[in-house]
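First the structure, in the form of structure tokens, and then the observations on it.
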């Protein structure tokens with residue numbers, strides 16, 4: 001981890017999120033009741049707290065990247081349009 005401390009690692013955040021989520025969602029028959037409860041709570045926290053922050057940071061980063069600006073504008077417009085329709 002420290003070998004990348006001076007390099008941008010934003011591209012590693014989403015894969016790490018999905019890796020954790022997939023591991024914690026696995027049903028293992030030998031898991032104790034407490035472990036199952038902990039894994040369920042960790043997934044809930046990932047979805048409620050971490051995912052919105054990741055999404056915002058990634059949209060901002062891709063918006064600032066000149067090679068991705070047009071695509072990001074379209075995504076932001078689509079998100080804004082769908083949230084306006086839900087109101």
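Any read-out appearing in this document is the output of simple, stated calculations on the displayed coordinates, not a laboratory observation. What you see is a predicted model, and the numbers here were worked out from it, not measured in a lab. Note that we place each Cβ from the backbone using ideal geometry, even for glycine, and neighbour counts take in every protein chain shown.
Listed from fewest to most Cβ neighbours within 10 Å, the set 21, 34, 73 follows the order 34, 73, 21.
Would you mind classifying segment 33-87 by shape? Square roots of the alpha carbon gyration tensor eigenvalues, ordered a ≥ b ≥ c; an a/c under 1.5 is rounded, otherwise it is prolate if a/b is larger than b/c and oblate if not.
On the way: a/c = 4.92, a/b = 1.99, b/c = 2.48.
Cα axes put segment 33-87 in the oblate bin.
Inter-label distance, residue 33 to residue 75: 4.3 nm, where each label sits 7 Å from its Cα along the C-beta direction.
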